[in-house]
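Participant: Mind looking over this structure? Questions follow.
The values are calculated or read from the model by the stated rules, or taken from the named source; none is laboratory data. Everything numeric in this text was worked out from a predicted model, so none of it was measured. Counting neighbours? That spans all protein chains shown, and the Cβs are built from the backbone with ideal geometry, glycine included. Surface areas here come from the heavy atoms of the whole protein model, side chains and all, with no ligands, DNA or RNA. Shrake-Rupley method; radii C 1.70, N 1.55, O 1.52, S 1.80 Å.
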Amino acid sequence: MNPGIHAAIAASQAARKRKQEQEEERMTRYSDEELDGEWEFKIVRSEFPVFRNRNRLAQVVEQEALAGWQMLEKLDDSRIRFKRHVSNRRRDDMLPQQVDPYRTQVGGFSSKALLTGMVVVLLLLGVVGFLFFESQNGIGLGGSTPWVLLALIAGVLVVLAAATLAFMRK
């Protein structure tokens, strides 16, 4: 990809993040009682609008409640604000191992899964490109393209793309 495109994408993401942070500062006003008391606050975010789904929203609120977090508000389909009394920290060691009381991110791709998917797609595209080049020039595999193999690889790419889109929508 062109370095200019990378820079434009990075600048756009940074601007979006700044805008969200400014919006959160305006939206998250705390009372003197909350600030003087022993409360802690957090915002749980998702890269995708997963909180639009009521079941997923309820699931996240239930998971956070295990650590004593109370939902204050849903800022939008990608952000929820929580608070909890600091006395709940004493129970953090007793939480199930998969419960992180200070998580701020839900869903999305892990970098390892994303990298693996990209490598697989690039390898498949390389094979398709080779087969196409071979068919155009009559070289490589004896001058005849194994169209069944080409169709199979194209089908795998379509299924992989559909599965990725389905995962992103969840």
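Participant: For the stretch 98-118, name all the residues that are of a type in the set (A, V, I, L, M, F, W, C) and either at pLDDT 75 or above or closer than 16 Å to residue 41 by Cα (or both).
Facilitator: Taking the stretch 98-118 and keeping what is of a type in the set (A, V, I, L, M, F, W, C), we get 99, 106, 109, 113-115, 118.
Matches in the stretch 98-118: 99, 106.
Participant: Now a separate question. Considering only residues of the stretch 36-49 that are in a strand (DSSP E or B) and under 15 Å from the mean Cα position of the chain (by Cα), which is surrounded by the most Cβ atoms within 10 Å (Cβ to Cβ)?
Facilitator: At the first step, the residues of the stretch 36-49 found to be in a strand (DSSP E or B) are 39-46.
Applying the additional criterion that residues be under 15 Å from the mean Cα position of the chain (by Cα) yields 44-46.
Details: 44: 21, 45: 19, 46: 18.
Here the residue is 44.
Participant: Give me the pairs: first residue in the stretch 67-92 and over 19 Å from residue 16 (Cβ atoms) and assigned to a strand (DSSP E or B), second residue open to solvent by less than 60 Å² (accessible area, probe 1.4 Å) and of a type in the set (Lys, Arg), beta-carbon distance under 6 Å, and six or more apart or on different chains, which are they?
Facilitator: That search, which allows pairs on different chains as well, returns 70/83; 72/81; 72/83; 73/81; 82/42.
Participant: Continuing with this model, one more query. Against the condition farther than 24 Å from residue 49 by Cα, at pLDDT 75 or above and surrounded by 14 or more Cβ atoms within 10 Å (Cβ to Cβ), how does residue 128 come out, does it pass?
Facilitator: On the way: farther than 24 Å from residue 49 by Cα: yes; at pLDDT 75 or above: no; surrounded by 14 or more Cβ atoms within 10 Å (Cβ to Cβ): yes.
It is false that residue 128 is farther than 24 Å from residue 49 by Cα, at pLDDT 75 or above and surrounded by 14 or more Cβ atoms within 10 Å (Cβ to Cβ).
Participant: It is to be established whether one or more residues within the stretch 50-59 are in a helix (DSSP H, G or I), exposed (fewer than 10 other Cβ atoms within 10 Å of the Cβ) and modelled with pLDDT of 80 or more.
Facilitator: First, pick out the residues of the stretch 50-59 that are in a helix (DSSP H, G or I): 50-52, 54-59.
Restricting the remaining residues to those that are exposed (fewer than 10 other Cβ atoms within 10 Å of the Cβ) gives 54-55.
Narrowing the set further to residues that are modelled with pLDDT of 80 or more leaves 54-55.
Yes, the stretch 50-59 has at least one match.
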